[in-house]
Amino acid sequence: QVQLVESGGGLVQPGGSLRLSCAASGSIDSIGTMDWYRQTPGKQRELVATITTGGGSNYADFVKGRFTISRDNAKNTVALQMNSLIAEDTAVYYCYAQIRRSGVWSFRNYWGQGTQVIVSS
């Protein structure tokens with residue numbers, strides 16, 4: 001089995017920082033794109049940032065200049081450094097990855113369980 005486990009969420013004051021981490025484990029042969037999404041009640045899950053195997057990244061306009069995505073291919077991890085947090089960043093953050101399991105031909109989509117981020121004074 002393959003699973004993604006996030007950590008690092010919590011309560012932070014406006015203007016503060018948090019670092020989210022996500023680790024992929026299991027019988028993994030290869031990992032493609034790794035992303036961070038977020039979701040608030042009543043809204044669709046939205047893409048926050050994405051990073052390719054080679055390290056190329058893209059960000060949603062609402063986090064550009066404040067968030068940084070990074071990955072460690074040797075450790076099968078992806079992180080999201082969130083700075084200058086605002087109340088609107090409050091959401092459940094989900095890790096996503098395209099993973100090819102050992103002995104399987106194709107990549108499949110995997111999601112973490114989510115980690116809550118609350119930005120409030």
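The values are calculated or read from the model by the stated rules, or taken from the named source; none is laboratory data. Note that the coordinates shown come from a computational prediction; the quantities given were computed from them, not determined experimentally. Counting neighbours? That spans all protein chains shown, and the Cβs are built from the backbone with ideal geometry, glycine included. Side chains included, ligands, DNA and RNA excluded: accessible areas come from the protein's heavy atoms. Shrake-Rupley method; radii C 1.70, N 1.55, O 1.52, S 1.80 Å.
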Expressed as a percent, the portion of alpha-carbon pairs in the chain spaced more than 26 Å apart is 18 percent
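How much of the accessible area of the range 48-121, in percent, comes from carbon and sulfur atoms when a 1.4 Å probe is used? Don't jump to the answer; show the numbers that get you there.
Details: 1890 of 3920 Å².
About 48 percent, which is the carbon plus sulfur part of the accessible surface.
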Distance in nm between Gln13 and Ser84 label points, each 7 Å along Cα→Cβ, equals 1.9 nm
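Taking a ≥ b ≥ c as the square roots of the eigenvalues of the Cα gyration tensor of the range 76-121, is the shape rounded (a/c under 1.5), prolate (a/b larger than b/c) or oblate? Mind dumping the intermediate values first?
On the way: a/c = 4.48, a/b = 3.05, b/c = 1.47.
Verdict is prolate for the range 76-121.
Please compute the per residue accessible area over the chain with all protein chains in place, 1.4 Å probe, rounded to a whole number of Å². All intermediate terms of the calculation are to be shown ahead of the outcome.
Working: 6480 Å² over 121 residues.
On a per-residue basis, the chain sits at 54 Å².
Suppose a student asked you for the relative contact order of the chain, using Cα pairs under 8 Å spaced at least 6 residues apart; what percent would you report? If you can, show how the numbers build up before the last one.
Details: 301 pairs, mean separation 44.1, N = 121.
Across the chain, relative contact order equals 36 percent.
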Taking r as the C-beta separation of Thr52 and Trp105 and R0 as 25 Å, the FRET efficiency to the nearest 0.05 is 0.75
